[in-house]
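What follows is a set of notes on a single structure, which appears directly below.
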Amino acid sequence: MSYNVPNVKFNDGRSIPQLGYGVWQIEDEVAEKIVSTALEIGYRHIDTAASYGNEAGVGRAIANSGVAREDIFLTTKLWNSDQGYESAFEAFEASLEKLGTDYVDLYLIHWAKPQQGLYLDSWRALIELQKQGKVRSIGVSNFPEEQLREIIEETGVVPVIHQIELHPYFSQEALRAVHAEYGIATQAWSPLGNGSDLLQNPVLAEIAERHSATPAQVVLAWHLAKGTVAIPKSVTPSRIEENLASVNVKLTAEDIAAVDALSSPEGRIGADPANIDF
């Protein structure tokens with residue numbers, strides 16, 4: 001079966017498939033196999049990072065997939081220990097070599113890590129990498145509002161996307177409003193609320209039953225309806241396909257409002273970007 005995945009347009013004129021496949025916490029050899037499976041199922045957006053330790057496996061999967069490189073949207077990220085102007089260039093070249101490609105579609109600063117004080121230098125490096133044509137688009141991940149505004153004000157360059165923890169238990173409406181102000185796309189990591197009981201929530205179960213869908217598909221359909229780019233992760237082929245099939249689930253306005261109501265200021269599962277120690 002083929003799936004029609006919508007695109008989200010960037011403020012630089014490019015676009016990204018709204019539903020992608022994330023490979024966090026997947027070992028390199030497993031990543032090669034499972035990314036190959038995801039590409040066979042129909043995914044054309046793969047999200048990895050230097051810190052995941054699986055860029056080489058992702059690269060091998062892409063190279064052996066039979067899918068043209070230009071038809072795959074590939075994201076990787078700059079890790080905290082590599083932040084800074086010169087070190088960002090070195091880290092990027094190392095990522096390119098592992099991925100076996102001469103460009104990436106999207107390069108992100110993985111965390112602002114404000115206390116380290118290098119995010120602005122790192123952003124300037126990403127701007128230069130884009131000018132050199134080695135990166136098609138540039139963005140950030142896990143930036144508090146203050147640091148997000150700072151890099152824009154200091155450089156005049158607006159990230160195309162901001163990847164943040166976002167799921168129905170933690171919908172990040174305040175930060176999404178900042179994104180709307182600047183024309184920044186919103187991307188969700190942990191879109192299914194991994195580590196919580198989200199997928200057992202009775203509200204989602206009731207909506208899923210009415211749509212002949214699974215709770216995970218309802219959550220992903222909610223992301224899609226709100227314009228969020230989502231990168232669910234699974235190593236189970238049937239669930240990988242189930243997630244992609246969420247593009248065919250169309251929620252009503254009432255459904256979306258019911259899912260919206262699940263959010264709480266205490267709903268964060270991962271680290272607070274304003275205060276990390278890794």
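The values are calculated or read from the model by the stated rules, or taken from the named source; none is laboratory data. What you are looking at is a predicted structure, and each value in this text was computed from that prediction instead of being measured. Accessible surface is based on the protein model in full, side chains and every heavy atom, while ligands, DNA and RNA are left aside. Shrake-Rupley method; radii C 1.70, N 1.55, O 1.52, S 1.80 Å.
Descriptive notes on the structure:
- Annotation: per residue accessible area for the chain equals 42 Å², rounded to a whole number [probe 1.4 Å, protein chains only].
- Most fluctuating residue given options 254, 128, 55, as computed from a GNM of the chain linking Cα atoms under 10 Å: 254
- For segment 201-278, the relative contact order works out to 30 percent when only alpha carbon pairs closer than 8 Å and six or more residues apart are counted.
- Both radii are taken from the alpha-carbon atoms of segment 10-60; with Rh as the Kirkwood radius, Rg/Rh is 1.02.
- Contact order, relative form, for the chain: 19 percent (alpha carbon pairs under 8 Å, 6 or more residues apart, mean separation divided by residue count).
- A cut-off of 5 Å between modelled amide H atoms, ignoring neighbours fewer than 5 places along the same chain, links residue 161 with 140, 185.
- Restricting attention to the chain, close to 15% of DSSP beta bridges with both partner residues there are antiparallel.
- Heavy-atom accessible surface of residue 214, to the nearest 10 Å², is about 40 Å², with a 1.4 Å probe and all protein chains retained.
- The share of accessible area on segment 233-277 that comes from carbon and sulfur is 49 percent, using a 1.4 angstrom probe.
- The lysines whose alpha-carbon is closer than 17 Å to the alpha-carbon of residue 77, local same-chain residues fewer than 8 away aside, are 98, 113, 134, 233.
- Cross-link reach is defined here as a Cα-Cα straight distance under 12 Å, omitting same-chain residues fewer than 8 places apart; for residue 250 none of the aspartates and glutamates meet it.
- Viscosity 0.890 mPa s, 25 °C: Kirkwood-radius Stokes-Einstein D of the chain over Cα pairs, µm²/s: 130
- Across segment 50-102, C-alpha contacts under 8 Å between residues 6 or more apart give a mean separation that, scaled by the residue count, equals a relative contact order of 56 percent.
- Whole-percent P(r), segment 208-278, all Cα pairs, 5 Å bins from 0: 3, 14, 22, 21, 17, 12, 7, 3, 1.
- With all pairs of separate Cα atoms included, segment 129-210 yields a Kirkwood hydrodynamic radius of 14.6 Å.
- Expressed as a whole percent, the accessible surface of segment 1-146 that belongs to carbon and sulfur atoms is 45, based on a 1.4 Å probe.
- Antiparallel beta bridges, as assigned by DSSP with both residues in segment 1-138, represent about 20 percent of the total such bridges.
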